[in-house]
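Below is one structure, written out as structure tokens, with a few remarks after it.
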Amino acid sequence: MRLKFPGHWARLACAIILFSAMYSLTAAAPAVTAALPAQNPDTMMPEQNVVRAREILNQLIDALGGPVYLEVRERECDGRRAKIGHNGEMDGYIDFKDFWRYPDKHRIDYSKKGNIIDLFTGDEGWTLDRTGVSEEPATSVSEFQALMTNSVDNLLRRRLRDPALNLHYAGRGIVDMLEADWVEIPGPDSTLRLAVARSTHLLLRSVVASVNQEMNERTEETSIYTNYRRKDGVMVAMQISRERDGRRYYQAFYDTCTFNPNFPEDTFTRAALEKRYAEVGNKKDRDKYRNARD
């Protein structure tokens, strides 16, 4: 037998059901609300804040490959680098090979012939072009040293071992439509900020904020990491873009990456560039360079 209710009784029944549902949600809300302050850096004790920051960075290490990532000593990648003009427009691509020996040796061979090379090691640098091998400009060496100071790889593999490292959990945000946790590492001349995805624990952004004391100008260098792939047990961002104060000036697309390939000992030396120039420089330029060197 089907029961029939007058219209107002039906409306009353719906109201009761709706009130019950709202009461259930309200009763459950305190549990959710109570959990939020623990993630709010403004309400956390300093010790809790540091613990949370280290937890996020340890999750990042695990996502990148854990012990395999930490044991990386060398890296070799090849791909294409966008040629971006001063106005921000892209003007084609150039092939390159990227060599790293951590913590502070970096070599980039441009073009398929590898006849243009930039090489940095610590506080020294050299460049190879059609005229031969010469020292990198002091400004280029200074930029490389600043890059090493705020290197994410050096932070995770070396600096994080220091229990006194200044870390700060800076809260949550949305980056590339993903919820992320921000961690700050203040320094004497700059502050490094990392955005780590809450879903994958992979790095989305690194931002270096610094102030030019002479010009009293603030500059932000932002690196954007996308298209992660697992290579030799390590997660690698196969596309990296860099922006300075919101203007993109660098974009690289990696095709392959290998780790710990055991480079020859002289790979990151001026002598290696001298040898390379003897192989790839044209005879006229090589003779001119040899005479000037001698």
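What to note about this one:
- Entry comment: accessible area of segment 76-189 is 54 Å² per residue, from protein heavy atoms only and a probe of 1.4 Å.
- Exposure of Glu47 as accessible area (Å², to 10), given a probe of 1.4 Å and all protein chains: 120
- Sorting Met238, Met45 on solvent-accessible area from highest to lowest, probe radius 1.4 Å, gives Met45, Met238.
- Surface share of carbon and sulfur [accessible, 1.4 angstrom probe, percent] for segment 114-167: 47
- Normalised convex hull volume, segment 146-290, alpha-carbon set, Å³ per residue: 201
- Once the Kirkwood radius over Cα pairs is known for segment 75-134, the Stokes-Einstein relation at 4 °C and 1.567 mPa s delivers a diffusion coefficient of 103 µm²/s.
- Area accessible to solvent at Tyr249, 1.4 Å probe radius, in Å²: 80
The values are calculated or read from the model by the stated rules, or taken from the named source; none is laboratory data. What you see is a predicted model; the values in this text were computed from it and never measured. The accessibility values were calculated without ligands, DNA or RNA, using every heavy atom of the protein model including side chains. Shrake-Rupley method; radii C 1.70, N 1.55, O 1.52, S 1.80 Å.
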